[in-house]
Structure formats: C-alpha cells, structure tokens
1. Of all residues being polar (S, T, N, Q) and within 27 Å of K27 (Cβ to Cβ) in the range 116-154, which is surrounded by the fewest Cβ atoms within 10 Å (Cβ to Cβ)? Just the residue, please.
2. Test of understanding: among E54, E58, which residue is surrounded by 14 or more Cβ atoms within 10 Å (Cβ to Cβ), in contact with a strand residue (DSSP E or B) (Cβ under 9 Å, 6 or more places away or on another chain) and either farther than 19 Å from Y175 by Cα or modelled with pLDDT under 95 (or both)?
3. Of everything in the range 167-187, what is closer than 20 Å to P138 by Cβ and of a type in the set (G, A, S)? Give them in sequence order.
4. Please enumerate the residues belonging to the range 35-61 that are closer than 23 Å to P138 by Cβ and part of a strand (DSSP E or B).
5. Return the total of residues in the range 101-115 being hydrophobic (A, V, I, L, M, F, W, C) and surrounded by fewer than 16 Cβ atoms within 10 Å (Cβ to Cβ).
6. Consider only pairs whose beta carbons are under 9 Å apart and that are at least six residues apart or on different chains; among these, list those whose first residue lies in the range 9-28 and is within 19 Å of A151 (Cβ to Cβ) and free of Cβ contacts under 8 Å to residues at least 60 places away in the same chain and whose second residue is in a helix (DSSP H, G or I) and of a type in the set (S, T, Y).
7. Could you list, ordered by first residue, the pairs with Cβ atoms under 7 Å in which the first is in the range 166-187 and under 21 Å from Q34 (Cα atoms) and the second is in a helix (DSSP H, G or I), at least 6 apart or interchain?
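The values are calculated or read from the model by the stated rules, or taken from the named source; none is laboratory data. Since the structure is predicted, the reported quantities are computational estimates derived from the model, not experimental observations. All Cβ positions, glycine included, derive from the backbone under ideal geometry; neighbour counts span all protein chains shown.
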Amino acid sequence: MSEDTACFSKHKIVPDILKTCPYKQLKVTYGGGQVVDMGRELAPKQVKDQPKVEWDAEPDALYTLILTDPDAPSRKQPKYREWHHWLVVNIPGNQIDNGLVLTAYVGAGPPQGTGLHRYVFLVFKQPHMLTCNEPRIPKTTGEKRPNFSTAKFITKYKLGDPIAGNFFQAQWDEYVPQLYKQLSGKK
C-alpha cells in the first residue's frame, strides 16, 4: 500500500468495499480536465461523461474496471450499498474501449440532502479471460445497479486484490435530475 492509497482506509473504503487498499493510484481524468485525486470533491456535472482511466498495464494482460458508490442512498443509511456506476471486464492492457462493458458508465447522482458520497474506481488484473453471466446494463437504466457487491464479484471471478484505485466524493447539484431522467429511460 502506498501513502496515496492509505486514503482508502482513512475514508473507510476499507472495510466498506475492500479488505485491503490498492497498491497504486489510478489516473482518472474527466473531459473538462477534472482530475480524480483520492477523495477530492467533484460536482456531478463535472463527472457526467465517461473519464479517461489509466494504469501501469501489462500489454498482454486482461483487467477489470469497477466504479461503485457505497453510500446509496446516503452514507448514514447505505441500504443500496453498493450502487455500481461502471463495470468493464476483459480489458486488454488499459484499452477500456476494447473491453466488454457489463454496466455502461453513468456519473455521480447523489440524492439531494444526502451529503457526500464516495465514488470508487478499482482495477483488477484478471487471471484469465472472463465469461460473465452478469446482466448487461445500459446507461439508460438504474435497474440492477443497486446492491452490487465488489467483494462478491472479486470472489466469484477470482480477481484478488485491486492493483490500482482512486476515488472522488460528490454531493447533489443541479445536474442530478437530468441523470435521474436518463436512468428512467425517458427522453
């Protein structure tokens, strides 16, 4: 564990999601130049589009990327822990666009009045190509996103500890109702 990733313990991501901190910090950059920096607050309107995610990848290895919110609907009452925002498997190297998207990316959407939520990016090196029976979830639905378990997914596919991670925090802003509309499948 590096000094950077010790923030995972400080912010209780360990033990809320993981048993151990990632070894390295993921580089996550959003289109407007917003950089995810180990718990720094970003606004939902800043993270609405899929970011660029980079890590020290072995070119011949396969990876899994998870983005999850353990604080749904709030940190005090996380009855939907975890609400997953993005899940991609079989990523060659760090070429996310060439991986298999199980859950399409959606940005932060914390309900109004629920305070800060943690949005956690994790990358795992896969032992082999995965054949997954998880549902394919498009960006136009919130169904099947609540009550995801990173720990159960890791165990099921024998992913081990995350090789890299990062996270930001966000709270409600005026963009969130647009995201809810998108997730309801309405135009």
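1. Initial filter on the range 116-154 (polar (S, T, N, Q)): 126, 131, 133, 140-141, 147, 149-150.
Next, from what is left, pick out any that are within 27 Å of K27 (Cβ to Cβ): 126, 149-150.
Working: Q126: 17, S149: 14, T150: 23.
Looking at residues that are polar (S, T, N, Q) and within 27 Å of K27 (Cβ to Cβ), I get S149.
2. Numbers: E58 fails: surrounded by 14 or more Cβ atoms within 10 Å (Cβ to Cβ).
Just one listed residue meets the conditions, E54.
3. Going through the range 167-187, the residues closer than 20 Å to P138 by Cβ turn out to be 175-187.
Residues satisfying the conditions are S184, G185.
4. Keep residues of the range 35-61 that are closer than 23 Å to P138 by Cβ, which gives 44-53.
Hits for the range 35-61 are K52, V53.
5. If we filter the range 101-115 for residues that are hydrophobic (A, V, I, L, M, F, W, C), which is where we start, we get 101-102, 104, 106, 108.
Of the ones still in play, those that are also surrounded by fewer than 16 Cβ atoms within 10 Å (Cβ to Cβ) are none.
Final tally of qualifying residues: 0.
6. P15/S9
7. F167/I13; A170/P44; D173/P44; D173/K45; Y175/P44; Y175/K45; V176/P44; L179/P44
To keep it simple, each residue is scored yes or no on (1) surrounded by fewer than 20 Cβ atoms within 10 Å (Cβ to Cβ); (2) within 11 Å of F121 (Cα to Cα); (3) not hydroxyl-bearing (S, T, Y).
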| residue | (1), (2), (3) |
| --- | --- |
| K10 | yes, no, yes |
| E41 | yes, no, yes |
| V47 | no, no, yes |
| Y63 | no, no, no |
| T68 | no, yes, no |
| P73 | yes, no, yes |
| Q77 | yes, no, yes |
| Y80 | yes, no, no |
